[in-house]
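Colleague: Pasting a structure here, questions to come.
The values are calculated or read from the model by the stated rules, or taken from the named source; none is laboratory data. In this text, all values refer to a predicted model and were calculated from it rather than measured experimentally. When we count neighbours, we look across all protein chains shown, and the Cβ atoms used for this are built from the backbone with ideal geometry, even at glycine.
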Amino acid sequence: MLIIILFLFLFPQIVLLTEFNDPYLIHTNYGYIRGFPFNINDSNKSKFVKIFLGIPFAQPPINELRFEKPKEPKKWDGIKNTTEMGPACFPHVPKGMMALEEDHNEDCLYMNIATPGWENKNGHHLFPVLFFIHGGGYETGTIREISKEVMANKYSKNNIVFVTFQYRIGQLGFAATGDDDFAGNYGLWDQLRALQFVKDNIEKFGGDPKRITIFGFSAGASSVSALSLSPLSNKLFQQTIQMSGTFFSEWSVSNRVVFETEKMAKIVSCGESLGNSNELKKCLRSKTVKELMDAVEKMGSARKEVNSLLFTPRIDKEFLPNDVLTMLKNAPVKRNLIGITTLETLSFMLLKPEDSLTGLSVLSDEIEKYDRKKFEKFIREKVAPKRIFGKGNGREVQNKIIEFYLCDIEKINEENTEKEVAFYFLEKYIQLTTDLMFIVPMLQEVHYKLEKGWPLYVYMIDYFNKQYYPKNIPIKGAYHAVELAPLFNVTIYPFIIEKFSEEDLKFESVLHTSIVNFVHTGNPSTSALNWPSLKDQPSQYALLNSNPKIVETALFPEKLKFWQELTEKYSFDIVKGIDKETLFTRDEL
């Protein structure tokens, strides 16, 4: 008994001595963790980055915590070894686009941190923090693909504390019934919990809690946009980076999730509980994750709509208390690096036709058969169906969209082959879907932020390596996720080769250096590119490729003008996917 008492008395002192002598031992607010050293690729072989993998930032969202906001981790005794990444969160269906890892678990709320193992000699005692949010349409995705080598060599080597984490996705992250008892947005609450963990603990890792940049790609960029809007989160960081994603797009925020949750509930024999959210949650908790995933697969992993996603954020009156514009008006101004690629939806429509996130892909054997009839049918049935507009307006709206996108139809004449005609209309299809899902929503966000005085750095990526493309893909351009290889060594398309060409490496340097400089200074300018903010020069943007330049004109002003005028004149906002008066979605009309 005496030995036990002595141990309990001496253990804290032993740990304190160990912490003083062990640079990889950190005392978080919840307990001790131990990371490990990672030797970086540097001429100075003595330089090490400190790596911490699989840090719990919330209690496991299982059993009674499924479909609930995340709770703070319980404090633990002893030292937790953080040397392995936590599992990925489950996607909405078994064959999610980015669900490439076998290691999935409902217990998935873990964080990874890489921090320089040396003193900061740049005038600051602490290092700036880069907090990365992965993409995947809110339904798939994982940060397990971002290796410790990338974290160390691409970011911490550049005097940055780099943070990645998992958040709940798909039905486990966003299922909702629309009332306060089952409000959804659990994945966003996970992101908030991760941010709070970083804000409260990052100084112990050498990070500066007053210099946090949140950075996201695709749905991660949409999340960055949402976190900038929500009054619960927008004071926890100082800067934002959005790559190919915004909360102004229809796919980012929709009440459709309520209808999809009802469908799933009926398939798993929980239909009788509809109407009582607490009973429904109880029933859904009794089902295995596999049962829930199989149910969504039966529903269809994606809808054949412009907004093809099933489980996404919604305006819940708490995390997101108001409509997007109202929240933006009340949000604090922050420095924002934001941009897109030229042909975003090329990824979904042609490059990966088996994608679980869209139902609008053009299959390989249909590419050469795509014609004007199919293009116009898409507009009339999917983009602007008559039922969502007032009586007599539907056909008028449809014709305006067709005329706008086929303004250069004179290019096509009798001398063109059937294949050339198909490629023309196919490219228009890619342009239209890219505009609706990415470019126009981003331009709207930029427009309203600029009105409020945000320092904005806008870019467009037009770089791609045509050598990587499959031979059967006739349209080539900068696709969605072209940034992942140069920034994270991640390739979600099998045709991308791992060895970069000389031009690839130049583009990598341009993009990566801009990100690093923005994290450190709030300005993405490099030695090769003097990049002023839109606040200083409203009509310009950076064109990023292997030889970047500043373009002294606004980015696609004609597209923004067309869609803004269409929205002002008619009752339904096609870009946001809502009726302007009732705020009903397409499904509710």
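Colleague: Whether any residue in the range 195-210 is in contact (Cβ under 8 Å) with a residue 24 or more places away in the chain and closer than 22 Å to residue 457 by Cα is what I want to check.
Modeller: So far as the range 195-210 goes, yes, one or more of its residues are in contact (Cβ under 8 Å) with a residue 24 or more places away in the chain and closer than 22 Å to residue 457 by Cα.
Colleague: Also, I was wondering about something else. Take residue 382 and decide whether it is touching a residue at least 60 places away in the same chain (Cβ under 8 Å) and of a type outside the set (Val, Ile, Thr). Steps first, answer last, please.
Modeller: Values: touching a residue at least 60 places away in the same chain (Cβ under 8 Å): yes; of a type outside the set (Val, Ile, Thr): yes.
Taking the combined requirement at face value, the residue satisfies it.
Colleague: Could you give every pair whose Cβ atoms fall below 6 Å, whose first residue belongs to the range 119-141 and is at pLDDT below 90, and whose second residue is not in a loop (DSSP other than H, G, I, E, B), counting only separations of at least 6 or pairs across chains?
Modeller: Close Cβ pairs (under 6 Å, with a partner that is not in a loop (DSSP other than H, G, I, E, B)) amount to 120/127.
Colleague: Also, I was wondering about something else. Without any contact (Cβ under 8 Å) to a residue 60 or more places away in the chain and closer than 30 Å to residue 315 by Cβ: does that describe residue 565?
Modeller: Working: without any contact (Cβ under 8 Å) to a residue 60 or more places away in the chain: yes; closer than 30 Å to residue 315 by Cβ: yes.
Criteria met by residue 565.
Colleague: Restricting to the range 128-154, name every residue that is among the small types (Gly, Ala, Ser) and within 10 Å of residue 164 (Cβ to Cβ). Explain how you work it out, then say what you get.
Modeller: Just the residues of the range 128-154 that are among the small types (Gly, Ala, Ser), to begin with: 135-137, 141, 147, 152.
Correct list: empty.
Per-residue answers, yes or no, for (1) buried (at least 17 other Cβ atoms within 10 Å of the Cβ); (2) part of a loop (DSSP other than H, G, I, E, B); (3) of a type in the set (A, V, I, L, M):
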site	(1), (2), (3)
503	no, no, no
512	yes, no, no
524	yes, yes, no
536	no, yes, no
542	yes, no, yes
560	yes, no, yes
575	yes, yes, yes
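Colleague: On the given criteria, is residue 271 over 20 Å from the mean Cα position of the chain (by Cα) and either over 23 Å from residue 105 (Cα atoms) or not basic (Lys, Arg) (or both)? Explain how you work it out, then say what you get.
Modeller: Values: over 20 Å from the mean Cα position of the chain (by Cα): yes; either over 23 Å from residue 105 (Cα atoms) or not basic (Lys, Arg) (or both): yes.
For residue 271, the condition - over 20 Å from the mean Cα position of the chain (by Cα) and either over 23 Å from residue 105 (Cα atoms) or not basic (Lys, Arg) (or both) - is met.
Colleague: With the condition kept exactly as written, say whether any residue in the range 421-434 is assigned by TED's automatic domain parsing to the domain that holds residue 344, hydrophobic (A, V, I, L, M, F, W, C) and in contact (Cβ under 8 Å) with a residue 60 or more places away in the chain. Reasoning before the result, please.
Modeller: Here is the first cut: in the range 421-434, the residues assigned by TED's automatic domain parsing to the domain that holds residue 344 are 421-434.
Right, trim to hydrophobic (A, V, I, L, M, F, W, C) and you get 421-423, 425-426, 430, 432.
From what's left, in contact (Cβ under 8 Å) with a residue 60 or more places away in the chain: 426, 430.
So far as the range 421-434 goes, yes, one or more of its residues are assigned by TED's automatic domain parsing to the domain that holds residue 344, hydrophobic (A, V, I, L, M, F, W, C) and in contact (Cβ under 8 Å) with a residue 60 or more places away in the chain.
Colleague: Identify all residues within the range 543-554 that are at pLDDT below 95 and touching a Leu at 6+ places or on another chain (Cβ under 9 Å); write none if there are none. First the steps, then the outcome.
Modeller: Start the filter on the range 543-554 by keeping residues that are at pLDDT below 95, which leaves 552-554.
Hit for the range 543-554 is 554, nothing else.
Colleague: Which ranges mark the helices (runs of 4 or more DSSP H) fully within the range 167-263 that have 2 or more residues being surrounded by 23 or more Cβ atoms within 10 Å (Cβ to Cβ), over 15 Å from the mean Cα position of the chain (by Cα) and at pLDDT 95 or above?
Modeller: Values: elements: 170-174, 186-201, 219-229.
Because the criterion is at least 2 residues that are surrounded by 23 or more Cβ atoms within 10 Å (Cβ to Cβ), over 15 Å from the mean Cα position of the chain (by Cα) and at pLDDT 95 or above, the helices (runs of 4 or more DSSP H) in the range 167-263 that meet it are 170-174, 186-201.
Colleague: Report whether or not residue 466 is of a type outside the set (Ser, Thr, Tyr), on the phi < 0 side of the Ramachandran plot and over 21 Å from the mean Cα position of the chain (by Cα). Even if it seems obvious, please write down each step before you answer.
Modeller: Details: of a type outside the set (Ser, Thr, Tyr): yes; on the phi < 0 side of the Ramachandran plot: yes; over 21 Å from the mean Cα position of the chain (by Cα): yes.
Criteria met by residue 466.
Colleague: Scan the range 367-409 residue by residue and report those that are β-branched (Val, Ile, Thr) and either crowded, with 16+ Cβ neighbours inside 10 Å or closer than 15 Å to residue 574 by Cα (or both). Talk me through it step by step, then tell me what you get.
Modeller: From the range 367-409, those β-branched (Val, Ile, Thr) are 367, 379, 383, 388, 397, 401-402, 409; that's our starting set.
Once the filter is applied, which keeps residues that are β-branched (Val, Ile, Thr) and either crowded, with 16+ Cβ neighbours inside 10 Å or closer than 15 Å to residue 574 by Cα (or both), the range 367-409 yields 367, 379, 383, 388, 397, 401, 402.
Colleague: Condition test on residue 354, is it at pLDDT 95 or above and either under 21 Å from residue 181 (Cβ atoms) or surrounded by fewer than 19 Cβ atoms within 10 Å (Cβ to Cβ) (or both)?
Modeller: No.
This table checks each residue for (1) in contact with a His (Cβ under 6 Å, 6 or more places away or on another chain); (2) outside the structural domain of residue 576 (by TED's automatic domain parsing); (3) charged (D, E, K, R).
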position	(1), (2), (3)
298	no, yes, yes
301	no, yes, no
307	no, yes, no
341	no, no, no
349	no, no, no
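Colleague: What tally of residues in the range 33-85 results from selecting those that are of a type in the set (Gly, Ala, Ser) and touching a residue at least 40 places away in the same chain (Cβ under 8 Å)? Full working, then the answer.
Modeller: Restricting attention to the range 33-85, the residues satisfying the condition of being of a type in the set (Gly, Ala, Ser) are 35, 43, 46, 54, 58, 78.
Narrowing further to those that are touching a residue at least 40 places away in the same chain (Cβ under 8 Å): 35, 54, 58, 78.
Here the count works out to 4.
Colleague: Would you please name the residue that is surrounded by the most Cβ atoms within 10 Å (Cβ to Cβ), looking only at residues in the range 110-153 that are assigned to a loop (DSSP other than H, G, I, E, B) and among the hydroxyl-bearing types (Ser, Thr, Tyr)? Full working, then the answer.
Modeller: First, the residues of the range 110-153 that are assigned to a loop (DSSP other than H, G, I, E, B): 117-126, 134-147.
In the following step, the residues that additionally are among the hydroxyl-bearing types (Ser, Thr, Tyr) were identified as 138, 140, 142, 147.
Working: 138: 30, 140: 28, 142: 25, 147: 15.
Filtering the range 110-153 for residues that are assigned to a loop (DSSP other than H, G, I, E, B) and among the hydroxyl-bearing types (Ser, Thr, Tyr), the one surrounded by the most Cβ atoms within 10 Å (Cβ to Cβ) comes out as 138.
Colleague: Here is a further query. Would you confirm whether or not the range 75-87 contains a residue that is under 14 Å from residue 145 (Cα atoms), surrounded by fewer than 24 Cβ atoms within 10 Å (Cβ to Cβ), modelled with pLDDT of 95 or more and aliphatic (A, V, I, L, M)?
Modeller: Looking through the range 75-87, at least one residue is under 14 Å from residue 145 (Cα atoms), surrounded by fewer than 24 Cβ atoms within 10 Å (Cβ to Cβ), modelled with pLDDT of 95 or more and aliphatic (A, V, I, L, M).
Colleague: For residue 95, are the conditions met, namely being within 27 Å of residue 179 (Cβ to Cβ), outside any strand (DSSP E or B) and in contact with a helix residue (DSSP H, G or I) (Cβ under 9 Å, 6 or more places away or on another chain)? Before the answer, list the steps.
Modeller: Details: within 27 Å of residue 179 (Cβ to Cβ): no; outside any strand (DSSP E or B): yes; in contact with a helix residue (DSSP H, G or I) (Cβ under 9 Å, 6 or more places away or on another chain): yes.
No, not satisfied.
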